[in-house]
1. I'm checking my understanding of the structure. Among residues of the stretch A:22-74 that are within 11 Å of another protein chain (Cβ to nearest Cβ) and among the hydrophobic types (A, V, I, L, M, F, W, C), which one is nearest to A:Asp84 (Cα to Cα)?
2. Checking the conditions here, which among B:Arg180, B:Arg115 is in contact with a His (Cβ under 8 Å, 6 or more places away or on another chain) and within 22 Å of B:Glu291 (Cβ to Cβ)?
3. With (1) among the aliphatic types (A, V, I, L, M); (2) touching a Phe, Trp or Tyr at 6+ places or on another chain (Cβ under 9 Å); (3) not in a strand (DSSP E or B) as the list, and A:Val89 as the residue in question, which single condition is left unmet?
4. Among the residues of the stretch A:254-270, write down those that are of a type in the set (A, V, I, L, M, F, W, C) and either under 13 Å from A:Pro79 (Cα atoms) or surrounded by 18 or more Cβ atoms within 10 Å (Cβ to Cβ) (or both).
5. Looking for whichever is over 20 Å from A:Ile125 (Cβ atoms), of a type outside the set (A, V, I, L, M, F, W, C) and in a strand (DSSP E or B) here; the options are A:Thr10, A:Thr64. Which one fits?
6. Residue under question is A:Phe59, and the condition is that it be under 17 Å from the mean Cα position of the chain (by Cα) and either assigned to a strand (DSSP E or B) or modelled with pLDDT under 95 (or both); does it hold?
7. Test each condition in (1) within 14 Å of chain A (Cβ to nearest Cβ); (2) within 21 Å of the chain's Cα centre (by Cα) for B:Met190 and report the one that comes out false.
8. How many residues are within 25 Å of the chain's Cα centre (by Cα) and assigned to a helix (DSSP H, G or I) if we restrict to the stretch A:163-192?
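The values are calculated or read from the model by the stated rules, or taken from the named source; none is laboratory data. Remember, predicted model here, so these are calculated numbers, not experimental data. Heads up, the Cβs are rebuilt from the backbone with ideal geometry, glycines too, and the neighbour counts pull from every protein chain shown.
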Amino acid sequence: MYKIAKENLTALFQKIASEQELYLPVKTAGQTNFGVWTEDAQVDLDTLKTVKSPKDAFFPQSETLYTCIRDGKKLKIEPEALKDQNFVVFGMRGCDVKGVEVLDRVFLVDPLDTFYAARRDHGTIVALACHEPEETCFCKVFGVDAADPSAADVATWIIDGTLYWKALTEKGEALTETVKDLLEEDNSADEIVEKEKASVRDIVEKLPYMHLSLEGWNGDVLMEKFEDPLWDELYKPCLACGTCTFVCPTCQCYDIKDYDAGRNGVQRYRCWDSCMYSDFTMMAHGNNRKSQKERFRQRFMHKLVYYPANNEGMYSCVGCGRCVEKCPASLNIVKVIKAFQKQGGEQ
Amino acid sequence: MQEFVKATSQAGASSHLATAGQRESQTRVINRAKELLADGTVARVLGWKAGDLPYNPEPAYFEKEEDFADFVYNGFCGANLSKYMIEASKLEGKTLVCLKPCDTYSFQELMKEHRVDRDKAYIIGVGCKGKLDIEKIKAMGIKGIQSISGAELEDEAETLTIQTIYGEKTCAYKDAMLERCHVCKGKDHMIFDEIIGESKETKDADRFTEVEKIEAMSPEEKFAFFQKELSKCIRCNACRNVCPACSCRKCVFDSNKFDSAQKANVDSFEEKMFHIIRAFHVAGRCTDCGECSRVCPQGIPLHLFNRKFIKDIDELYGEYQAGADLEPRTPLTDYRFEDAEPGIVAERG
């Protein structure tokens, strides 16, 4: 394992950014989100959760797919180039790394999403273990270890002003090679990191949502859950905004639209869509989810029933808790799961 | 988990005296609501249901006596319930709705626009001593929150005591208040059937100070300021959907009949279109309830747009507060010879 003093991180970021693009948590106008590192960027590694998840790095909120340009009497189609430069995402948490796994199972299967695949090929994930997880976290419920983001290319821990660095994959080793001059090998680091892991896991045990039970939620309960009268009540405070879906690391639905850029042609782009929106999956025949109840139900059924049905039981929630923090009406997946439990208990 | 809730609520109660009086007005609201449900005056009650964390109550309907076990009214009930009355007005029977003083401005404005039915509402004006902003509490570095005491309406405490897994923390109630409460419009309910609970004056700042700061900026500075703030926008529409003045049946930004439907968060669009059009559309009708800024996941100070319009209306047409009355002629819907000419904008700069 390697280490670097926290005050030398700027040098580390400079070194990485000199060779490839570097995304990391940056504070802008009071809010921390993943952004491109620049000399002036206010890097913020203390905020546990960025407002938006880092999924933008692989699946941006909006991206042009191709542009149609009128060329005399012909129409020229210019596809957008695929990502062909390497980049690093630094500071992803364990839950967010798991979120990428959820996206992989959607975009990297047949038919392959080439835009996403190119970004996955060129991106290296450097994860940062959680130091002080919060009451809105429930990653453990979905098998994520806040103390050890082992699914990343590089795992790091910040302990007492030192960042510990452990490469986990070939990509991680390659990145480590490029910054080796700034890192210091430390044979006693394992012990320090193990102690930190134990302490974080102790905190995790004390958090209120970490023991949430998912009993009754799996890919086989489709009709039973779909028709449950509880949805008639649960959706009521929902404002039908898209906050939960847009801050979520696993929501992957998108819409494809055209933007008439005038003389510059027509850009066909895709952008995140939200099942909370009235025109979600609107087709020529109309809309198949006419009420907010149906739209609200869709989100939770997708996370806890449909996705597991198609992915060997894997849920498409990673317990990051962003929806818990951001829903304007204080609704969230935890409340939904608990409401069904409560109902089960009373029957 | 249920044990956790129980344990923390006990901790909250024991660390504070006067448990009997502490939640008195909450109890009075509950008792009155039960009475009105029982005698058939109302068919349902619209209030807040306790959350599973100390700070996340949700708007909720209560129809049966046993539902009230979860009824809560405390400092975290910032949500303005007046907009929910648009849907409730379509239901059979009256809905008892709990409105804070500032919420009643929104309700009255919605009445003026014929979006809610006064005859379908039984309004209990609930007291308010300023509502709390969990984002402000978290910004102070307070995390791992287990319980919060001092947030009850009757509690005279000036301080919130917050138990966290990282130790006990305190913060001044005032420092944890929503921005809108620092420029509170006052303790009076504009419309109600009855009032339960005392309200407290929380105003300690001028409503237009921030607007004046922006007015004093150069055009380049203004542009940079709004670009920085608005480029955080994720197009979640939370500001629009929570806004009582945004009550169009079909928003132009949701319509697929025009090129106006937009979901992409493209900077050039955000800055030039969505927020500015929205601000124009609610000008003269916005009561400054502050819900847009409360719900914005990116902390964009959206109220500043609306306040600029309010300030201009005050200056050009005389002081006006939307929702303060039911007078149908309002500054922007009434036309008089002495009205300001559009050219004033060019003259003023």
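1. Among them, the one singled out is A:Val51.
2. Values: B:Arg115 fails: in contact with a His (Cβ under 8 Å, 6 or more places away or on another chain).
Sole residue among the options that is in contact with a His (Cβ under 8 Å, 6 or more places away or on another chain) and within 22 Å of B:Glu291 (Cβ to Cβ): B:Arg180.
3. Just one mismatch for A:Val89, condition (3).
4. Pass one, the stretch A:254-270, residues of a type in the set (A, V, I, L, M, F, W, C): A:256, A:261, A:266.
The answer is A:Val266, and nothing else.
5. Values: A:Thr10 fails: in a strand (DSSP E or B).
One residue alone meets the criteria, A:Thr64.
6. On the way: under 17 Å from the mean Cα position of the chain (by Cα): yes; either assigned to a strand (DSSP E or B) or modelled with pLDDT under 95 (or both): no.
The answer is no for A:Phe59.
7. B:Met190 satisfies every listed condition except (1).
8. Taking the stretch A:163-192 as the starting set, the residues that turn out to be within 25 Å of the chain's Cα centre (by Cα) are A:163-176.
From what is left, the residues that are assigned to a helix (DSSP H, G or I) are A:170-176.
The total comes to 7.
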